[in-house]
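Data first, discussion second: the structure below is written as C-alpha cells.
The values are calculated or read from the model by the stated rules, or taken from the named source; none is laboratory data. Please read these numbers as outputs of a predicted model, since none were measured by experiment. Note: ideal-geometry Cβ built from the backbone for every residue, glycine included; neighbour counts use all protein chains shown. For the accessible areas, the whole protein counts, side chains as well, though only heavy atoms, and no ligand, DNA or RNA atoms are used. Shrake-Rupley method; radii C 1.70, N 1.55, O 1.52, S 1.80 Å.
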Amino acid sequence: MRQKIYRRIFAVLCVLLVFSQMMQAAYSYHREQQEAGEDNSEPASLVLWYTDDKLNAYLVEAAEEFEKTHNVEVTLQLVTAVDYIEHINTASISDLGGPDLFITSSELLEKARLAGLTVENNSFSDRELDNYFPKKAQDAATCGGKLVAYPFYFETCFMLYNKNYVEGAPKTIDEILEYSRSFEGGTGEDKIENLLKWNVADIFFNFFFISNYVNLGGATGDDKSQVQLSAEEVIECLEYYQSLNAFFAIDADAVTTDNVLQEFIDGKIVYTIAKTDAIARLDAAIAEGTVAEAPEGETEGESTEGEEGDPEEGESTQGEEPQDNGYFYGIAEVPNLTESLPTKGLSVTNSVVVNAYSQERALAKEFAKYITYEKVDSLYAMTNKMPVKVGVPYENPEITTLLVQYEHSVEVPKITDLSNYWIEMEIAFANIWRGNDVRSEIEAVDAKIQAQLATEE
C-alpha cells in the first residue's frame, strides 16, 4: 500500500516538475520577446482628420514615426472643410465612429466644445507651455476657461518691403504717404508702379486698420460680454483707410492677392501687406531666378540723391545690395496708421483637438503632442506652415518676425454668432473704399451683429 502511495506522490512530483519547467520556459520566452522589443499584441489604432492637403507629407511622416515607437496604426483622412465640425460630430456618435483627433482653426473651437468633441489638453507642464508657446497661441487653444487643443500653426498678415528700393519698413503709413509726395521714380526705380499696394478686397489684409479698437470676445475670443465692434477710433481709422484710395487708386474689383504678390516679385511694388503663405512663394521665385533684378545705381552707403549722408527714414534707397544672403524682401510688422493710431494684424491659429468620443484618448494626446511639439521643427520645411512653437530654426532669420507679429495680433474669435461678421465687414470695407459714409457702414454692421448676439442669450 505504501509503495502505491509513494508511486502516486512521485508521479505528482514529476508532473509538477514538468509543469514548472514549462512555465519557466514560457516566462523566459516572453522575457526574451520583451527585451528584444517584440510585442505580438494587437496594435491600437488612431484616426486623424484634417482639411489641408499641404499637411500631407508632414502628417504621413509623423504617423510612420509614431507607429514605430507606440505600437499603433495611424490612419490619416483628408476631408472636406464644409460643415467640418458637424461631420465629426455625426461620425463620432455613429456606429462607425469618428476621428480620435482632428485639426481645426481657432474659430471652430467653440462649436467643437459645445458639441462635446473636446477634452482638456493636460499634456504640457506650465513650464513647457510658457517656454515654447506664446500666450497668443495658448489663448487661441483655450475655450470655456480650459486649454482644449494643442496649438499647431498660424497665419497672420504683415508688411513686406523690397530691399532693392528701401532699407527698411516704415513705422507708419503716414511715412509712406510722405515718401509718395516726393517720389519721382529716378534711375533704377523705373519699374515701380505703386509704392504701396495690397488686396483691398480681402478682409484678412484690411482688418489691421481697425483691429486695435475692436474687442472680439476678450483674450480667448469666446466671451460674448466682451464684444465691441464700433468706437470713434474705428470710425477715424476707416476714414483714414478711405483716404488712401486717393493716393494709391487700387481697383477693388480687379485686385487679387496673387497678382499683388507677383507685382512685388517683379519689382513693381515697394511695400505690400501679405499673409504668411507669401514667404514660400517669394522663396520659390528666388530659387527659380524669376525675381526682378536689383536696379543698377549708386553703391552702398551713397545717398539716393548722390549727396553724402544717410537717407531719411522712409526715403528710397535704390541701389542698395540685397541683404540676408540674397533675400530681396524684408519682413516687418504691419505699420501703424499714424503716430496716434496704432494697428494690429489679424491671425488664425490651427490646433489639434483630441476627440472626447475617442476610445484611445491617452494615446491620441501623445500623438497630438508629438505633431505639435516634438516633431514640429520640421513643419515649415515640409509644409510652409508657420508653427506657433518658439525656438524653431529657419534658414531666413527674418521669418521669426512673423512670430512677433503673431504675438501682437488679434485672433479670429470663437463665438459662433460672430461667424458672419467677416462677410459683413468685408462688404463694409469695400463700400468704404468706394466712398460710402464710414459711420453709416459701421453702425449698420454693429447693429446687425449685436442683434444676433442678443437673440442667442
TODO: Any chance you could run the full-extension gain for I423 through E61? It's 0.36 nm times the residue separation minus the Cα-Cα distance, nm to one decimal.
DONE: 126.6 nm
Task: Amide H within-cut-off set for L337, under 5 Å, with H built and near neighbours excluded - done: I173, T343
Open item on the list: Quick check: from the Cα gyration tensor, does the range 348-457 come out rounded (a/c under 1.5), prolate or oblate?
Closed with: oblate
Task: the range 406-457: C-alpha gyration tensor shape, a/c 1.5 cut-off, then a/b vs b/c - done: oblate
Open item on the list: If I model a spin label at R361 and S225 as a point 7 Å from the Cα along the Cα→Cβ vector, what separation in nanometres do I get?
Closed with: 2.9 nm
Open item on the list: Need one word for the range 34-146: rounded, prolate or oblate. Basis is the Cα gyration tensor (sqrt eigenvalues a ≥ b ≥ c); a/c below 1.5 gives rounded, then a/b vs b/c decides.
Closed with: oblate
- [ ] Work out the FRET efficiency for A81 and E193 from their Cβ-Cβ distance, taking R0 = 30 Å, and round it to the nearest 0.05.
- [x] 0.25
Task: Across K385/K448; K68/K389; K111/K275; K135/K375; K163/K385, pairs whose alpha-carbon gap is larger than 32 Å - done: K385/K448
TODO: State the percentage of accessible surface on the range 317-457 attributable to carbon and sulfur atoms; use a 1.4 Å probe and exclude ligands, DNA and RNA.
DONE: 46 percent
Task: A252 versus E232: modelled label distance in nm, points set 7 Å from Cα along the beta carbon direction - done: 2.6 nm
- [ ] Give, rounded to the nearest 20 debye, the magnitude of the charge dipole that the range 66-132 has about its Cα centre when Lys and Arg contribute +1 at Cβ and Asp and Glu contribute -1 at Cβ.
- [x] 60 debye
Open item on the list: At 1.4 Å probe size, with the rest of the protein present, what percent of the exposed accessible area of the range 122-275 is carbon and sulfur atoms?
Closed with: 40 percent
